[in-house]
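Read-outs throughout are calculated quantities, based only on the coordinates presented, and are distinct from any laboratory measurement. Please read these numbers as outputs of a predicted model, since none were measured by experiment. Cβ placement follows ideal geometry from the backbone for every residue including glycine, while neighbour counts extend to all protein chains displayed.
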Amino acid sequence: MIVLRRLLGDVLRAQRARQGRTLRQVSADARVSLGYISEIERGQKEASSEMLAALCSALEVPLSGVLREVSDRLAVEEALATGPEERRLSLAARPAPAPMPAAGDVVAAA
């Protein structure tokens, strides 16, 4: 089973490492205990949306970017966890995405 909090922790740790920052530095900037951030990075604690916002602010990265990276990693792990037959069936069962309106198109609200 893929644990989302582990993937989130991996992404946050990688972002901090790319910046060459320590847990202590991020802890001070986010005003969150060093131990709690460490537990989040190790996938041992679920981070609330407020906590994620504080960590992203301290790291100066958009929350949407962190979540996008988590989503990309999750998709890879899901693909690796299923065999080719299961992957084919799960893709066939998904509804086709609605086309995005082009620039200048008039979109009516229901």
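Find the centroid of the Cα atoms in the range 44-83 and in the range 9-41, then give the distance between the two in whole Å. If you average the Cα positions of each part, the centres end up 14 Å apart.
A simple rule links phi to the HN-Hα coupling: the Karplus curve 6.51 cos²θ - 1.76 cosθ + 1.60 with θ = phi - 60°, which for the range 15-32 gives 5, 5, 5, 4, 8, x, 9, 8, 4, 4, 5, 5, 4, 5, 5, 8, 6, 10 Hz, with x for Gly and Pro. How far is it, in nm, from the label point at residue 22 to the one at residue 46 when both lie 7 Å from their Cα along the line to the Cβ? Here the modelled spin labels are 3.2 nm apart.
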